[in-house]
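One structure is given here, and the rest of the page talks about it.
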Amino acid sequence: MKDIYILGIETSCDETSVSIVKNGTEEISTIILSQMEEHAIYGGVVPEIASRMHVENITLVIEECLKSANMNMEQIDAIAVTYGPGLIGSLLIGTVAASTLSYIYKKPLIPVHHIAGHIYANNLGNEMIFPLIALVVSGGHTELIYMDAHYSFKRLGGTLDDAVGEAYDKVARVLNLPYPGGPMVDKLAATGEPTYQLPIPLDDSSYNFSFSGIKSAVINLVHNETQKGNSIIIENLAASFQDRAVTILTKKTMAALEEHNVENLIVAGGVAANKSLRSRLQELCKEKTYNLSIPDFKYCTDNATMIAASGYFVCKREEKGGYDLQAKASMPLI
């Protein structure tokens with residue numbers, strides 16, 4: 001059977017990344033050019049700056065990836081690209097670059113949903129086992145997805161307002177932590193104790209999530225204590241917030257596994273790098289003898305490796321995009 005090499009392009013936010021993956025599982029080369037330092041001075045991603053830097057860097061990153069892999073475009077079988085969701089200006093740079101390469105080199109153009117990419121980061125190294133439950137946790141998404149085969153997605157539930165990653169970032173701002181806030185809250189929480197009384201968000205029998213309430217609870221607590229002249233032990237507040245967030249994420253995930261009689265769990269998205277969440281899920285899955293897959297830290301945040309891995313399965317389904325492929329800022333996985 002002929003090996004299939006997919007070149008993936010990811011520019012949905014502030015990472016310019018290009019990767020080559022063989023057969024959907026084996027990373028050949030990946031280049032990621034981060035813009036984190038440029039955006040840190042603003043306390044978050046500035047869309048105009050992100051898109052401009054993608055324009056400046058995309059050609060260089062493509063060339064460097066091919067050079068690192070010791071390959072040329074003639075050896076590439078198809079080109080996969082994130083076409084949504086994400087920052088529209090950033091997405092446009094990736095889709096235009098991918099469409100141009102597809103046209104010039106007569107390669108199939110494979111559109112990939114950003115969240116599908118995060119899910120398929122779990123296929124790198126070891127192939128995913130079905131049926132499975134996917135817990136998707138990122139800055140813009142908190143969802144539980146059931147899969148019984150490749151690219152078969154059934155949404156069990158999701159966030160009704162703030163995603164968990166967004167809540168982490170907002171809590172980080174309240175605590176005056178530097179950008180990126182989510183990892184800083186995780187790091188700070190490891191040094192504290194959950195001594196502050198915060199609500200467990202949307203603690204019900206559904207598979208939906210809501211983090212706006214706990215975010216507001218943190219803001220109100222800090223405001224009230226400040227008004228009283230009391231100091232906040234920020235590591236303890238970080239630990240209290242994280243304990244509640246991880247508690248509800250793991251509780252609903254384990255309930256979904258049990259109800260759907262599934263023994264395989266994968267975690268996807270940037271918050272999959274959260275050490276507390278990883279540790280809690282590892283403990284629970286060991287106790288229940290469930291199979292747990294969490295990507296390596298380098299595959300949790302935005303990267304083109306996951307896009308190329310996902311693109312392999314889109315390619316097998318013979319789903320292709322035209323040269324007029326449209327970027328979409330907002331779009332559901334299902």
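The values are calculated or read from the model by the stated rules, or taken from the named source; none is laboratory data. It should be emphasised that the depicted structure is a prediction, and the values quoted were computed from it without experimental measurement. Please note: Cβ atoms are built from the backbone with ideal geometry, for glycine as well, and neighbour counts cover all protein chains shown.
Structural remarks
- Residue match in the range 233-252 (condition: within 18 Å of L132 (Cα to Cα), of a type outside the set (S, T, Y) and surrounded by fewer than 19 Cβ atoms within 10 Å (Cβ to Cβ)): yes
- Taken as a whole, the condition of being free of Cβ contacts under 8 Å to residues at least 60 places away in the same chain and assigned to a loop (DSSP other than H, G, I, E, B) does not apply to G86.
- The range 43-71 - residue that is closer than 30 Å to E166 by Cα and out of contact with any helix residue (DSSP H, G or I) (no Cβ under 8 Å at 6 or more places or on another chain) and, of those, surrounded by the fewest Cβ atoms within 10 Å (Cβ to Cβ): E56
- Looking only at the range 237-281, and only at residues there that are assigned to a strand (DSSP E or B) and of a type outside the set (G, A, S), the one that is nearest to T301 (Cα to Cα): V267
- Picking from residues in the range 149-185 that are aliphatic (A, V, I, L, M) and outside any loop (DSSP other than H, G, I, E, B), the one that is farthest from S276 (Cα to Cα) is L156.
- Qualifying residue in the range 222-234 (condition: touching a residue at least 24 places away in the same chain (Cβ under 8 Å) and assigned to a helix (DSSP H, G or I)): yes
- Between A238, A245, the distinction of being under 21 Å from M184 (Cα atoms), aliphatic (A, V, I, L, M) and in contact with a Phe, Trp or Tyr (Cβ under 9 Å, 6 or more places away or on another chain) belongs to A245 only.
Let's see how each residue does on (1) modelled with pLDDT under 95; (2) closer than 19 Å to H114 by Cα:
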position: E27; (1), (2): no, yes
position: P47; (1), (2): yes, yes
position: E56; (1), (2): no, no
position: L60; (1), (2): no, no
position: M73; (1), (2): no, no
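- Against the conditions (1) in a loop (DSSP other than H, G, I, E, B); (2) charged (D, E, K, R); (3) under 27 Å from L188 (Cβ atoms); (4) over 12 Å from the mean Cα position of the chain (by Cα), D302 satisfies every one except (4).
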